[in-house]
Amino acid sequence: MEGGVAAQLKVFGREARSGILGRVLRGELGVLQVFIALALIWTIFQLANDRFLTSVNLTNLMLQVTAVGIISIGVVLVLLLGEIDLSVGAVSGLAAGVMAVLTVQHGWSPELAIVAGLLTGTAIGLFNGFMVTFFRIPSFVVTLAGLLAWQGALLQVLGETGTVNLPPSSITDLTSTFYGAGVGWTLAVLVTAGTLGLQLQGRRRRQKAGLETAPLAGIILRTVVIGAAVFIGVAILLSDRGVPLAVIILLALTAAFAFMTDRTRFGRHIYAVGGNAEAARRAGIPITRVRITVFAIASTMAAAGGIMAASRLIAVNQSSGSGDLLLLAIAGPVIAGTSLFGGRGTVWSALLGALVIGSISNGMDLLGLESSVKFMITGGVLLAAVTLDALARRQRSQVQVT
């Protein structure tokens, strides 16, 4: 009798692994899982507060997630290596501080000040990569030290006042500029066409290589779903103030780095190093150069996110880059499917994860929840995402063994 029960349980386990539940646990549903989670979150908060899905709040939500999303792009690249960067929040604050002080107190043009802020991030990233690769210091330790050091550097840069207000300029225009219907609908058409074109190009490349290709119907369905989401999003934004320049910048950066990781040799090297560094080294991949470059990109994107945050707040102060910014920047990609163990994920998870985690934060703000509750809920969501990632990793290893 006991043997029969054990056999039934074994059969049930195999069926679960091969069914929908198994695909969820292995993370095979990809973006669909994120959209389901996002729809569930939006439904819950809309039922709790009918202002959540208004065009005004959704526009504010998009502006709120811009800085986090840009920082998350760099975080994704670091996570793909199997590394971590805990200094991105502090780097974003320091870069914004450098930009603000140069343009307000030293009379630099806003454009040169922005470049200086970005280069500040690049320099810090090169330093992080150098310490990790040449001294073999774990990235956790190096960037944790940076989290403290760059916060101190921000205080030093800001000086005794502790706050630098930004006057109207091209810096503040980054988040205060909105475009009308012409730009909005053109953007929607380009995104939809680009989605279809990239999928068809990838299908042709796989056909030439003799590899299994995705069904054409699936490509069309995916394009229709994404296109519908984009057109609906543009319509919502146009019903308020218009399409924000900040959102266009976020989409452009996400698309550019997604193309880099999916379509270029350097992108393939990132996945190879994150999947198995020793195998990548034996294959002739310059893993030291890849790691240093990725850390430099991550800190540069952190600087860009800090500049966007300063533009939206119209000021830089001692708390810039602190608070829950680091948690949100890391939690978003992990929630959207980027593995903490390296070698698995996509840059688009930065955008989708920022939407998910930003929606949770925005909804809790509308409900007037206390900061203590918000931190606990956000931490719980991150823990749940990491747990699912660990289960997916275990499920995939079991499938490979069987």
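Derivation of every value follows stated rules applied to the coordinates shown; laboratory data play no part. If you're wondering where the values come from, they're calculated on a predicted model, not measured in any experiment. For neighbour counting, all protein chains shown are included, and Cβ atoms are generated from backbone atoms with ideal geometry for every residue, glycine included.
Taking 7 Å steps out from each Cα toward its Cβ at residue 240 and residue 259 produces label points 2.8 nm apart.
Can you give the extra length, in nm with one decimal, that the chain gains between residue 341 and residue 189 once fully stretched, where that is 0.36 nm per residue apart less the Cα-Cα distance? Kindly include the intermediate steps, with their values, before the conclusion.
Details: separation 152, 0.36 × 152 = 54.72 nm, distance 3.64 nm.
Extending this stretch completely gives an extra 51.1 nm.
Summary of the geometry: the stretch 58-122 and the stretch 241-310, compared by the centres of their Cα atoms, lie 14 Å apart. Paramagnetic label reach from residue 123 (point 7 Å along Cα→Cβ; backbone nitrogen cut-off under 12 Å): within the stretch 69-98, residues 95, 98. Taking the charge dipole of the stretch 221-344 about its Cα centre, with +1 at Lys and Arg Cβ atoms and -1 at Asp and Glu Cβ atoms, the residue from 250, 329, 271 reaching farthest to the positive side is 271. To the nearest 10 degrees, how steep is helix 181-208 against the longest Cα principal axis of the chain, on a 0 to 90 scale? Approximately 40 degrees, to the nearest ten. Each Lys and Arg Cβ is given +1 and each Asp and Glu Cβ -1; about its Cα centre, the chain then shows a dipole of about 1740 debye. When Lys and Arg each count +1 and Asp and Glu each count -1, what net charge do the other residues less than 15 Å away from residue 56, Cβ to Cβ, add up to? Combined, the nearby Lys, Arg, Asp and Glu give -1. Rounded to the nearest whole Hz, the Karplus-based 3J(HN,Hα) values (6.51 cos²θ - 1.76 cosθ + 1.60, θ = phi - 60°) of the stretch 131-144 follow the sequence 5, 6, 7, 8, 9, 6, 7, x, 4, 4, 6, 4, 6, 5, with x at glycine and proline. Around the amide H of residue 179, modelled in the peptide plane, lie the amide H atoms of 243, 245, all under 5 Å away and 5 or more residues distant in sequence or on another chain. Pull out a ≥ b ≥ c, the square roots of the eigenvalues of the alpha-carbon gyration tensor of the stretch 290-402, then state rounded if a/c is under 1.5, prolate if not and a/b is larger than b/c, and oblate in the remaining case. It is oblate, given that a/c is not under 1.5 and a/b is not larger than b/c.
Applied to the stretch 233-242, the Karplus parametrisation 6.51 cos²θ - 1.76 cosθ + 1.60 on θ = phi - 60° returns per-residue 3J(HN,Hα) values of x, 5, 4, 5, 5, 5, 6, 9, 9, x Hz, with x for Gly and Pro. The mean sequence distance of close C-alpha pairs (under 8 Å, at least 6 residues apart), as a share of the length of the stretch 192-304, puts its relative contact order at 14 percent.
When the Cα gyration tensor is reduced to axis lengths a ≥ b ≥ c, the ratio a/c is 1.5 or higher for the stretch 52-148, and with a/b not above b/c it is classed as oblate. Exposure proxy for 311, 359: other Cβ atoms within 10 Å of each Cβ, ordered fewest to most, give 359, 311. Cα gyration tensor of the stretch 213-257, axes a ≥ b ≥ c as square roots of the eigenvalues: rounded (a/c below 1.5), prolate (a/b > b/c) or oblate? Since a/c reaches 1.5 but b/c is at least a/b, the shape of the stretch 213-257 is classed as oblate.
3J(HN,Hα) along the stretch 214-220: 6, x, 4, 4, x, 5, 5 Hz, from the Karplus curve 6.51 cos²θ - 1.76 cosθ + 1.60 with θ = phi - 60°, whole Hz, x for Gly and Pro. Loop sites only, by DSSP: take the GluC sites (Glu not before Pro) in the chain that have at most 10 other C-beta atoms within 10 Å and name the longest stretch containing none of them. Result for the longest clean stretch: 1-159.
For residue 315, the amide hydrogen comes within under 5 Å of the amide hydrogens of 166, counting only partners 5 or more places away or on other chains and with H modelled in the peptide plane.
Find how much the distance from residue 44 to residue 155 grows on full extension, using 0.36 nm per residue of separation minus their present alpha carbon separation; answer in nm with one decimal. If you can, show how the numbers build up before the last one.
Working: separation 111, 0.36 × 111 = 39.96 nm, distance 4.02 nm.
That works out to 35.9 nm of additional length.
To the nearest 10 degrees, how steeply does helix 55-80 sit against the main Cα axis of the chain, on a 0 to 90 scale? Relative to the chain, helix 55-80 is tipped by roughly 70 degrees.
Gain on full extension, evaluated as 0.36 nm per residue between residue 366 and residue 319 minus their Cα-Cα distance, stands at 14.7 nm.
Modelled this way, with points 7 Å down the Cα-to-C-beta line, the labels at residue 374 and residue 60 are 1.2 nm from one another. Helix 31-48 versus the longest principal axis of the chain: what angle, 0 to 90°, nearest 10, using Cα atoms? Relative to the chain, helix 31-48 is tipped by roughly 60 degrees.
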